[in-house]
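Remarks on the structure that follows.
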Amino acid sequence: MHGYRYAAIASLVILLALTLIPATAIGDSGLPNYSYVRSITIYAPAVSGSGEGVLSKTTLIVAYPGSGRVFFSALPYTELDTQGAARIAAYIASLVAGVSFNNYDYYVITESNVPIIGGPSSGGLMCVGFLSLLMNKTLNPSVTMTGMINPDGTIGPVGGLKEKLDAAASNGFKTFLIPKGQRYYQYPVIQETRLPWGVIRRTVYQSIDLVEYGRSINVSVIEVGSIFDAITYFTGMDINASSVIEPLQVSIPGEVVDSLLNNLSAMVQDTYSSVNKVYDYYYKRTLQTVINNLNNTLSSLYSIKDKYPVYAFVQGLSIYPSVVYYNLFSKVLSNTLSIDSILGTVNTTLTSIGVRLNSIGGSLDLDELILFSMAKAVYYRAGYYYTNAFSSTSNSDKLAYLSYSLSYAEQCSILLDLMKVLPSSSPPSLINLVDARDLYAAASTIYSYIEALVNEVGGNTQVLSDASDYYGLMNSQIVNDSVTLLGFTIYVISESTYALHMVFDQSNLDDVAYVQQAILTMLSSKIPSTPVLRFFIEYGSEALESGDYSSAVHGFSQAFSLYLVLALTLDGNSNTSTIYASTSSQGGVTSSNTTTPFIWIPVNQPIANTTTPENQLPRGLILEYLGILVITVAAISIILALRMIRHR
C-alpha cells in the first residue's frame, strides 16, 4: 500500500519537475535572450599540419537581439588572427547588408578532423556566410573560396592555394574563388636526390596557373577582388548593380588650397635662406638637396591644384612635417634658433590651439563633429610628441619631436578651418555617439588583426607607425572623451588598413579600383553620404586618376574607416527588424529601393529548413507545444498512479 502511495507521490514530483524543466533549462542556456537565431554551415579549404589540403567545417550563427558580440570556438585550437578575421567578417557583412552591427550577436564554430594551419584565409568565406544570413540569401553549394577579408571589403592574398584547390575538387566543389592577383601561384615541391651515402632533400618552388590547373580537375577557378564579387558568385546577386551611387565630387575652396601651399612655399623659401648661413659643407649640401626636392613637390602641387584640388590639398598636408622639420633644422644649424626657443614656440602654439578647441561647443552638425573629433585626435598626437621632446636627452631627437609636434598642431588648426568651409550635411539630432567600448572594440580589433598579419609575414612594421601612435594614445590618454575617441578610431582604422595594403603590395591600379568599388557600393546603405566622406573618396579618386596609387589606397582607406565609424555611431543606421535586399530574377538582378522584412528563424532551427515564411516556427509556438506535451505526460502519469492505488 505504501509503495503505491510513494508511486503516486513520485508521479506528482515528476509532474512538477516536467513543469519546471522548460523554464529552468532554457533559462540556464541563455537562449531566451534571443528572439530568433539563424545558422549556416560552410566548408572552408585549409592546409593541414602535414601540408595537405583539407576542409574545415564552420558553423556561423546570427542571433537577434544582440549587442555586437562575436563568439569564436575552434577545435582544434587555431591562431588568434582567425578570431580577428571572424570579427572583421561580421563588421563587413553588417555594413554590406545595411543592418546595425550592434543589433546582432555572431557565433563562429570551427571544427576540423585534423590539425590545420590557422590564419585569416577563411575570413572572406565567413563574411559571405554572415552576409547570406543577414540578407536571407541561399549560398550555391558548389562554390567555395579562400582569401582574407580586409577591413575595406577587399579580399587579401593567402597561401596554400594549390593544396586548397585540390581539397575543394576532391570534395565536389565546382567553383573555387581565389584572391585577385594570385592566379599564378608558387607552390613548394620536395625534390629528393639519392646518393650512395644517403638522400638529400630540398624544397623548390614551382609556378602553376591555377585557372588552367583547375580546369584539368573540373573546377572553375575565379579571381575576386572584393566581398561584392564573391557574393555574386555565391548567390547570383550583384550588389553593385543594385546600388545607386550619388555623385562623388565635393568642392574645396581654391583659396583654402592656395593658403596651405603658399604657407608651405614660404617656409621652403625661408629654409633656403637659413641653409645659406650653414657653415658645415656636408649639412649644407644635404639640406639643399632635400629642400630642392620639397620645392619640386610643391611646384607639382601648384600645377595640378586646379584639376585635382583635394589631392593637392591632402598631399600638402602630408609633406607639412618634413617642411617644418627642415626649416627648424636649418635655423638651428645656422644659429638662428635654439632648441629652447623652439620649445617655447611649440608650447605657445599648443596652448593657443587648445584654447580654440575648448571654445568650440554647442550644436555641431555631422561633418563638423567628424572634423572636430579628428582635430582633437591630431592635437593629442601633437602633445604626445611635445612630451617626448621634454623627456629626450638628445638634441637631434628633441628637434625631430618638436617638428612633429608643431606640424601636427598646425594640421589640427587646418582641420578646424575646414569646419567652416565644407558644406553642412545634417542636423545634430542625427548624432548619437555609442558607448566608447564599441569604438574601441572596432579600432582594437582591426589594429591587432593587421599588426599580427604584418608580423607573420615579416613585413616592415614602420608602415604601422601612424596607426600605432593613435592606438597608443587611445589606450593611454582618453578615457571618457567620446568625441576624441571617435577621431582616434577613424585614424587607427584608416592607417591600419592602408598599412595592410602596403605590406601585401596591393597598391596598383586594379586593386585600388576594387577598393574604390567596395567603398562606393557601401554608400548605398542608410549612412548619409556626408561631405567629409565624399572628400576622402574624392581624394582617392583624384590620386588614382593622377597615377598615385599609394595615395589612392590611402584616401579610400580613410573613406572606408569613416564609413565604418559612422555605421557604429549614427542613430538609425538601420531598422532593427528590416534589412536591404535586392529582388532576384531568373535573368539577373533588378533594383529594389524597398526594405524586405527579416525572415525570422526560431532558435536552433537550421537555415536549410527555413527558406520560406511558412516553415518558420516562432519560439512562443515551440514553447506552447512543449507545454502541451508536458501536461499530457503529467496527466497520463497521474491516471496511472491513481489506477494503481485503486487496484491495491
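Annotations
- Bridge type composition, segment 36-194 - antiparallel percent by DSSP, nearest 5: 70 percent
- Size of charge dipole - segment 100-226 - debye, nearest 20, with Cβ of Lys, Arg +1 and Asp, Glu -1, no other charges: 320 debye
- Mean separation of Cα contacts under 8 Å, 6 or more apart, over the residue count of segment 216-371: relative contact order %: 23 percent
- Average Cα contact separation per residue, segment 191-243, under 8 Å, 6 or more apart, as relative contact order %: 16 percent
- Packing-based ranking of 185-194, 213-222 yields 213-222, 185-194, ordered from highest to lowest mean Cβ neighbour count within 10 Å.
- Evaluating 6.51 cos²θ - 1.76 cosθ + 1.60 at θ = phi - 60° for every residue in segment 91-101, the Karplus couplings come out as 4, 5, 4, 5, 5, 5, 6, x, 10, 6, 4 Hz, glycine and proline recorded as x.
- Applying 1/(1 + (r/R0)^6) with r as the Cβ-Cβ distance of SER363 and LEU195 and R0 = 60 angstrom yields a FRET efficiency of 0.15.
- Model label zone, GLN206; criterion: amide N under 19 Å from point 7 Å along Cα-to-beta-carbon; scope segment 162-178: 162-170
- When peptides 482-495, 453-466 are ranked by their average number of other Cβ atoms within 10 Å per residue, the highest-first order is 482-495, 453-466.
- Here the calculated FRET efficiency for SER482 and LYS174, from their Cβ-Cβ distance with R0 = 41 Å, stands at 0.25, rounded to the nearest 0.05.
- Of all accessible heavy-atom area on segment 306-360, the percent that carbon and sulfur account for (1.4 Å): 52 percent
- With a cut-off of 11 Å between beta carbons, the residues surrounding SER448 carry a summed charge of -1, where Lys and Arg count +1 and Asp and Glu -1.
- Cross-link partners of LYS57 among lysines, defined as those whose alpha carbon lies under 20 angstrom from its own and excluding same-chain residues fewer than eight positions apart: LYS137, LYS162, LYS164, LYS174.
- In the assembled protein chains, TYR233 presents an accessible area of approximately 100 Å² (probe radius 1.4 Å).
- The alpha-carbon of LYS331 sits under 18 angstrom from the alpha-carbons of these lysines, leaving out residues fewer than 8 places away in its chain: LYS277, LYS284, LYS398.
- Residue-normalised accessible area of segment 83-132, expressed per residue, 1.4 Å probe, Å²: 22 Å²
- Percent RCO, i.e. relative contact order, over segment 436-493, from Cα pairs under 8 Å lying at least 6 residues apart: 51 percent
- For SER465 and ASP306, the difference between the fully extended length at 0.36 nm per residue and the C-alpha to C-alpha distance is 54.0 nm.
- Of all accessible heavy-atom area on segment 50-201, the percent that carbon and sulfur account for (1.4 Å): 53 percent
- Mean Cβ neighbour count within 10 Å, used as a protection proxy, ranking 285-296, 34-45 highest first: 34-45, 285-296
- Our estimate of slack between THR348 and SER67, defined as 0.36 nm per intervening residue step minus the Cα-Cα distance, is 96.7 nm.
- Options SER318, LEU210, GLY225, ranked by Cα towards positive dipole end of segment 207-365, top entry (Cβ charges): SER318
- Label point at ASP270 placed 7 Å out along Cα→Cβ; residues across segment 371-405 whose backbone nitrogen lies under 14 Å: 403
- Between THR336 and GLU255, the FRET efficiency from the beta-carbon distance, with R0 = 25 Å, is close to 0.20.
The values are calculated or read from the model by the stated rules, or taken from the named source; none is laboratory data. All of these numbers come straight from a predicted model, not from anything done at the bench. All Cβ positions, glycine included, derive from the backbone under ideal geometry; neighbour counts span all protein chains shown. SASA here: full protein model, heavy atoms, side chains in, ligands and nucleic acids out. Shrake-Rupley method; radii C 1.70, N 1.55, O 1.52, S 1.80 Å.
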